[in-house]
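Engineer: Right, I'll just put the structure down here and ask away after.
The values are calculated or read from the model by the stated rules, or taken from the named source; none is laboratory data. Everything numeric here is computed off the predicted structure, so don't read it as measured data. Neighbour counts run over all protein chains shown; Cβ positions are idealised from the backbone, glycine included. For the accessible areas, the whole protein counts, side chains as well, though only heavy atoms, and no ligand, DNA or RNA atoms are used. Shrake-Rupley method; radii C 1.70, N 1.55, O 1.52, S 1.80 Å.
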Amino acid sequence: MGVAHSFLNEVLFPPKPLFTEDSVPDLSGKVALVTGANAGIGKETARVLLAKNAKVWIACRDVSKGEAALKELKELTGRDAHLLKLNLSNLKSIKDSAEEFSRQEDQLHILFNNAGVMGPPIEMLTDDGYDLQFGTNVLGHFYFTKLLMPTLMATAKPSPEGTVRIVNTSSNTHWLSGLDFDTFRDSPKRRAVNPYRLYGQSKTGNIVFSAELHRRYRDHGIISISLNPGGIKTELQRHRSALAQRLNRMILLWDISYGPLTQLYAGTSPEAATMSGQYLVPWGRIGAPRADTQDPQLGKELWTWLEEQVAV
């Protein structure tokens with residue numbers, strides 16, 4: 001398999017969905033948190049979770065946009081979501097946000113690491129000097145997950161097996177790049193790389209992180225699944241050129257209503273309780289990612305690097 005086969009199989013011509021919104025089970029008593037849920041796939045995911053009676057937290061950087069999303073979700077579902085300010089490009093903000101969540105909740109059943117940034121200008125960095133895409137998409141979610149792990153583990157301990165899940169949103173663009181540790185922080189080498197390739201690298205990082213998370217926490221009752229949500233029309237393309245955006249509107253065939261299906265399958269379906277460590281493709285099928293994403297040695301090396309970045 002490669003990028004061309006993946007594009008055809010996962011983006012242009014996935015089979016008809018067998019798992020739909022109606023397939024999501026009742027989630028009464030469950031607490032779910034969705035990063036980047038003020039727009040796009042994240043907001044659609046939150047909408048369905050609310051409709052299925054979960055207690056839903058939407059985490060986003062812009063409070064005003066988050067409040068607008070809360071209002072829209074209330075209008076659509078008749079239910080109130082909760083807002084958590086979260087800036088994944090700032091490590092201190094991540095720590096503050098995780099502590100705020102932990103003050104208000106002692107349970108977390110489903111964590112959707114959904115937020116992401118794609119193709120920003122090469123000069124854009126996180127507040128801590130990392131490549132904006134890797135720093136936000138990978139390091140930010142790693143740190144947020146690490147800080148929430150005590151709550152996740154405490155929730156898993158008395159819960160039925162397969163109840164507590166971490167869903168990590170990747171992309172078929174992970175085929176564009178492996179991991180080059182020398183480009184995670186700003187450097188001349190990083191600035192010579194095409195931003196879209198750096199996006200692919202961050203999506204590879206999401207899968208490597210998810211697989212390593214599975215190896216480290218499966219015995220604690222934590223399910224970790226990564227996925228490609230599909231070729232969905234969202235605002236993720238906003239940093240690309242006008243021409244590139246027009247081309248993507250022509251290529252990305254799938255309405256936003258399809259966007260949450262694969263991650264809802266990963267996060268809520270009974271079948272996915274046995275899929276920890278797997279990579280899913282539209283619409284809830286087990287896929288085959290780049291072979292290096294499944295390498296335990298690479299997973300260990302990335303985890304070690306991530307831990308070093310957030311060490312106090």
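Engineer: If I ask for residues that are part of a loop (DSSP other than H, G, I, E, B), open to solvent by less than 10 Å² (accessible area, probe 1.4 Å) and touching a helix residue (DSSP H, G or I) at 6+ places or on another chain (Cβ under 7 Å), which ones from the stretch 34-54 would you list?
Structural biologist: Ala37
Engineer: Still on this structure, I have one more. Could you list, in sequence order, all residues of the stretch 78-92 that are open to solvent by less than 50 Å² (accessible area, probe 1.4 Å) and part of a helix (DSSP H, G or I)?
Structural biologist: The one that is open to solvent by less than 50 Å² (accessible area, probe 1.4 Å) and part of a helix (DSSP H, G or I): Leu91.
Engineer: Select from the stretch 177-201 the residues that are among the hydrophobic types (A, V, I, L, M, F, W, C) and touching a Leu at 6+ places or on another chain (Cβ under 9 Å) and write down the one among them that is most open to solvent (accessible area, probe 1.4 Å).
Structural biologist: Checking each candidate, the answer is Phe181.
Engineer: Yes or no: the stretch 137-151 includes at least one residue that is farther than 22 Å from Trp305 by Cα, open to solvent by 10 Å² or more (accessible area, probe 1.4 Å) and over 18 Å from the mean Cα position of the chain (by Cα).
Structural biologist: Taking every residue of the stretch 137-151 in turn, at least one turns out to be farther than 22 Å from Trp305 by Cα, open to solvent by 10 Å² or more (accessible area, probe 1.4 Å) and over 18 Å from the mean Cα position of the chain (by Cα).
Engineer: If Glu75 passes every condition in (1) free of Cβ contacts under 8 Å to residues at least 40 places away in the same chain; (2) open to solvent by 20 Å² or more (accessible area, probe 1.4 Å); (3) under 19 Å from the mean Cα position of the chain (by Cα) but one, which one does it miss?
Structural biologist: The single condition Glu75 does not satisfy is (3).
Engineer: In addition: Any residue that is part of a loop (DSSP other than H, G, I, E, B), touching a Lys or Arg at 6+ places or on another chain (Cβ under 8 Å) and closer than 27 Å to Gly221 by Cα - is there at least one of those in the stretch 56-74?
Structural biologist: no
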